[in-house]
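Asker: Could you have a look at this structure, given as C-alpha cells, before my questions?
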Amino acid sequence: MADWIFQGNRRHYDLDAAVTASREHWWGTPRYRDRMAFGDRVWLQIVGPKDPGIYYAATIVSETYEHPVQPSDPAHFRWRTDIRFDYRIRPPLLRSELLEDVQLGSFRPFRGFQGSNAPVPPDVAAALAARAAPRLEPLPR
C-alpha cells in the first residue's frame, strides 16, 4: 500500500459539501497515475490562504482511467481515479502544525505545492498516520 497527497482548493470545490453528499468521488490524477493502485491511502490536503492542511483520509477504489473532457474542462480532469472518503480528520492537521513536526515539516507538499497529487514517502506516511490516528472520525456509510 502506498500513500498519496491529493490536493483540493476551496475556491474551486466545496469538499465538505461533496463528502456529505457522497463518500465516493473521482479525483483528477494527471501525475503518477501509473503508480497508484486500488487500496492505496489518500490524504486530502486543502490549500489556500484559510487554514490549509489535511482534512480527510480516503482510499483509492479504482485504477486510474482516461475520461473524455470538454474543451472548457481543465486538462488535469482527463485522468481520474475514484476514491472513497473514509475519515474526516477533526481537528484537521493544519499546515502550521505539520511544519512544526520534525518528520513532517520537511515534506515539500506540506509547505505548499502546485499540483493535484504527490506520493508520500513511507517514513512521512507513518508519521502522518500516527499524528492523525486520534483525530480520525469515521464517515457514515
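Asker: Which of (1) within 23 Å of residue 28 (Cβ to Cβ); (2) of a type in the set (Gly, Ala, Ser); (3) touching an Asp or Glu at 6+ places or on another chain (Cβ under 9 Å) is the odd one out, the single condition residue 72 does not satisfy?
Answerer: (3)
Asker: Among the residues of region 114-128, how many are surrounded by 14 or more Cβ atoms within 10 Å (Cβ to Cβ) and either more than 13 Å from the chain's Cα centre (by Cα) or among the hydroxyl-bearing types (Ser, Thr, Tyr) (or both)?
Answerer: So the count comes out to 3.
Asker: Quick check on residue 123: is it acidic (Asp, Glu) and outside any strand (DSSP E or B)? Write out each step before concluding.
Answerer: Details: acidic (Asp, Glu): yes; outside any strand (DSSP E or B): yes.
Yes.
Asker: Hey, could you check region 82-113 for residues that are among the aromatic types (Phe, Trp, Tyr) and closer than 14 Å to residue 7 by Cβ and say which is surrounded by the most Cβ atoms within 10 Å (Cβ to Cβ)? Before you say what the answer is, go through the steps one by one.
Answerer: Of the residues in region 82-113, the ones among the aromatic types (Phe, Trp, Tyr) are 85, 87, 107, 110, 113.
If we keep only those that are closer than 14 Å to residue 7 by Cβ too, we end up with 107, 110, 113.
Working: 107: 21, 110: 24, 113: 14.
Per the criteria, the residue is 110.
Asker: Given the options 14, 73, name the one that is more than 26 Å from residue 130 (Cα to Cα), under 15 Å from the mean Cα position of the chain (by Cα) and of a type in the set (Asp, Glu). Step through it out loud before you land on a result.
Answerer: Numbers: 73 fails: under 15 Å from the mean Cα position of the chain (by Cα).
Going through 14, 73 in turn, just one is more than 26 Å from residue 130 (Cα to Cα), under 15 Å from the mean Cα position of the chain (by Cα) and of a type in the set (Asp, Glu): 14.
Asker: Taking strands (runs of 3 or more DSSP E) that do not extend beyond region 4-114, which have at least 2 residues that are modelled with pLDDT of 95 or more and of a type in the set (Asp, Glu)? Show your work before the answer.
Answerer: Numbers: elements: 24-28, 41-47, 53-60, 79-94.
In region 4-114, the matching strands (runs of 3 or more DSSP E) lie at 79-94.
Asker: Identify all residues within region 53-68 that are closer than 29 Å to residue 99 by Cβ, surrounded by fewer than 22 Cβ atoms within 10 Å (Cβ to Cβ) and not hydroxyl-bearing (Ser, Thr, Tyr); write none if there are none.
Answerer: Keep residues of region 53-68 that are closer than 29 Å to residue 99 by Cβ, which gives 53-60.
Next, from what is left, pick out any that are surrounded by fewer than 22 Cβ atoms within 10 Å (Cβ to Cβ): 53, 59.
Selection gives 53 alone.
Every residue, every condition in (1) of a type in the set (Phe, Trp, Tyr); (2) buried (at least 19 other Cβ atoms within 10 Å of the Cβ); (3) under 16 Å from residue 64 (Cβ atoms); (4) touching a Pro at 6+ places or on another chain (Cβ under 6 Å), yes or no:
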{"site": "6", "(1), (2), (3), (4)": "yes, yes, yes, no"}
{"site": "10", "(1), (2), (3), (4)": "no, no, no, no"}
{"site": "18", "(1), (2), (3), (4)": "no, no, no, no"}
{"site": "21", "(1), (2), (3), (4)": "no, no, no, no"}
{"site": "31", "(1), (2), (3), (4)": "no, no, yes, no"}
{"site": "36", "(1), (2), (3), (4)": "no, yes, yes, no"}
{"site": "40", "(1), (2), (3), (4)": "no, yes, yes, no"}
{"site": "47", "(1), (2), (3), (4)": "no, no, no, no"}
{"site": "51", "(1), (2), (3), (4)": "no, no, no, no"}
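Asker: May I pose another question? Would you check which residues across region 126-141 are assigned to a helix (DSSP H, G or I) and aliphatic (A, V, I, L, M) and list them? It would help to see each step written out before you state the result.
Answerer: Kept after step one, since they are assigned to a helix (DSSP H, G or I), are these residues of region 126-141: 126-135.
Answer for region 126-141, where residues must be assigned to a helix (DSSP H, G or I) and aliphatic (A, V, I, L, M): 126, 127, 128, 129, 130, 132, 133.
The values are calculated or read from the model by the stated rules, or taken from the named source; none is laboratory data. Note that this is a predicted model, so its numbers are computed, not measured. No Cβ is skipped: glycine too gets one built from the backbone with ideal geometry, and neighbour counts run over all protein chains shown.
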